[in-house]
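This report concerns only the one structure given below.
Derivation of every value follows stated rules applied to the coordinates shown; laboratory data play no part. Every value quoted in this text rests on a predicted model; they were computed, and no experiment measured them. Ideal geometry is used to build each Cβ from the backbone, glycine not excepted, and the neighbour counts take in all protein chains shown.
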Amino acid sequence: MIRALAPDELTAAAQLAAAAFREDAGFSYILPGDALRRWRLPRLLEAMLRVDAACGGRVSGAFDDGALVGLSSVLPPEAAEPDPADWIRELPRLGWFALEPAALLRAMAVRRAIESVRPKTLDYLNLLAVHPAAQGRGVGAALLNAAPKTLYLETFEARNAEWYEKRGFRLTGEIHSPVRPTFWTLRRG
């Protein structure tokens, strides 16, 4: 079953996403070092999900026998851009950036790179995550099927780009940088 996630479910959703993205090149760039990523990534992802929801995004969960096994966050073209107040509300989750300014700068650089190529007229899949124990069971595909038909996304993993291509997306770009990881942009519809 796929349904909208309630605000009180976003902490669990972020934990799930952190397990799924623990080795992701983009998040590994922002938070190098496995121990740091295990500690900080769930808070970063929860803040992202909460900001997406506050801006009009659709944060959905996939459930199997009542257990959350996957999630997606889709921002429609009419979604508001996050303003400083949206992020200030997340300071309890993101205050650690003050102690790690290099991580904040890397996160901002990644976000700028992504936003510089993202078409604002399409629904945007900001996040798709399936718990590692549930991967390969069609959860991700089900979440995609529940999303709008015309959809844009990016991924920092070549294998994920191939996975999306097998599900009807076409590769629209491969964005290289001398300082941050390469990412791929894809579109369906």
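Descriptive notes on the structure:
- When residues of the range 173-189 are limited to those that are of a type in the set (Val, Ile, Thr) and part of a strand (DSSP E or B), the one nearest to the chain's Cα centre (by Cα): Thr185
- Restricted to the range 1-109, the set of helices (runs of 4 or more DSSP H) holding at least 2 residues that are aromatic (Phe, Trp, Tyr) comprises 25-30.
- If the condition is being within 18 Å of Asn126 (Cα to Cα), of a type outside the set (Gly, Ala, Ser) and not in a strand (DSSP E or B), then the range 163-172 contributes Trp163, Tyr164, Glu165, Arg167, Phe169.
- Pro82 vs. criteria without any contact (Cβ under 8 Å) to a residue 40 or more places away in the chain, surrounded by fewer than 21 Cβ atoms within 10 Å (Cβ to Cβ), over 22 Å from Leu144 (Cα atoms) and touching a Cys at 6+ places or on another chain (Cβ under 7 Å): yes
- Residues of the range 146-169 that are over 21 Å from Gly136 (Cα atoms) and not aromatic (Phe, Trp, Tyr): Pro148, Lys149, Thr150, Leu151.
- Selection within the range 118-138 - under 16 Å from the mean Cα position of the chain (by Cα) and in a helix (DSSP H, G or I): Pro132
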